[in-house]
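Notes follow once the structure below has been shown.
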Amino acid sequence: MSKLCITLPPFAPDYSGAASALFELGGMIVIHDASGCTGNYTGFDEPRWFGSSSAVYCSGLRHMDAVLGNDEKFISAAVEAAESIKPAFVAVLGSPVPTVIGTDLKGMASEIEAASGIPSFGLDTKGLAYYGKGIYDATAAVMKRFAGEKTDTVERSVNILGMTPLDFYTKGWEKKFAGLFEENGITVTACFSMGMTLEDMKKSPSAQLNIAVSQAGVQIAEYMEKKYGIPYIAVTPLGDGSIAVEKAELALKGIDDRCEYNYDDAQVLIAGEQIISDSVREYIYKKYGVKADTAVLFDCTAKYMSQNDIEIKNELHLRKVLNSGKYKTVVGDPMIKALIKKENTEKIKFIPFPHVAVSSKVHWDEYIDFLGENSIRWLENIR
């Protein structure tokens, strides 16, 4: 979906995704901006920030720095901070202003590493792409520095990929997802990037299977498949968790259970993140026989698009889809309800599915459970 929004807020950008992916790994994250982008991430896109001791800093970029250049000031301050707190790594993230003035973030990171001896890397986040790209770029950068080479495969072991609060909030879903698989005899080696340490990441190439629970996770899975030869599936555990476990069991046996939904009479639309929306669609179809299309608001992977799924181009496109008259039920973040025309509000059943990357902290107290009785009741209501 393009970035111009009239009614909806701007969605979470790439630097928020990158910072979110790195948040729990013990590094020092520096966002090179004038404080607005850093404040947007810590204050609105990162539920873990409040009460956390994670090191997320703003470079304090000023007008004269942008005009005349002052990389040495940034490098000196970053080195001083790194030597003081001794992080596992230093990550330098970009924002729109450094993009405009052509700041060499990777070069600056190299100088920080040379001066401090601490592994450092720069990410060319621009604030112009969605959070999923940032999650992938940050994860790939850390893996290149710390994950090492392929090791012997541990049978019936998996990595969970693509978990950040931007999609899953902070109700401990990383533990609950891992617990679901562990209860069924499947060992979880690492959960990217919630509840994971660098030591967990170093062990991740030994997994037999990767489970991508979001589209960002698919990007990471494709990287790991190419580098380590680890196959993957894409599914978000929902409801009683049985579908996710069944798909994992089949994949561990080398069976691809990916479904395509090629029907024309769906009256339910699920608007949101691609893999989560697709998993909701699969659950309600297999459990209740309910047909649904998905409308992907962010980045998408073509092979997970079914016949009538919609890659939303912009806010006006989403407004047109919602008011097309085809769908009697719409599932999505409460913010998108404002795009439904007044004369259609009585005709369309709207089911809230809050998403941090869309509405940020506005609906933090209303997030839907992914597993358990509350999740099952919510899914049963999608008709």
Any idea which of (1) over 22 Å from the mean Cα position of the chain (by Cα); (2) crowded, with 21+ Cβ neighbours inside 10 Å; (3) modelled with pLDDT under 95 is the one residue 193 doesn't satisfy? (1)
Just to be sure I understand the filter: pairs with C-beta atoms under 6 Å, separated by 6 or more residues or on different chains, first member in region 166-180 and free of Cβ contacts under 8 Å to residues at least 40 places away in the same chain, second member surrounded by 19 or more Cβ atoms within 10 Å (Cβ to Cβ) and of a type outside the set (Phe, Trp, Tyr). Which pairs pass? 174/163; 174/191; 174/194; 178/188; 178/191
Residues 167, 104, 152: which one is crowded, with 19+ Cβ neighbours inside 10 Å and of a type in the set (Asp, Glu)? 167
So residue 245 passes all but one of these: (1) in the same structural domain as residue 336 (by TED's automatic domain parsing); (2) more than 12 Å from residue 382 (Cα to Cα); (3) surrounded by 18 or more Cβ atoms within 10 Å (Cβ to Cβ). Which condition number does it fail? (1)
Hey, does region 38-49 have a residue that's surrounded by fewer than 24 Cβ atoms within 10 Å (Cβ to Cβ) and not in a helix (DSSP H, G or I)? no
Can you spot a residue in region 288-305 that is touching a Ser or Thr at 6+ places or on another chain (Cβ under 8 Å), of a type outside the set (A, V, I, L, M) and on the phi < 0 side of the Ramachandran plot? yes
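The values are calculated or read from the model by the stated rules, or taken from the named source; none is laboratory data. Because the structure is predicted, anything quoted here is derived from the model rather than measured. All Cβ positions, even for glycine, are placed from backbone atoms using ideal geometry, and neighbour counts span all protein chains on display.
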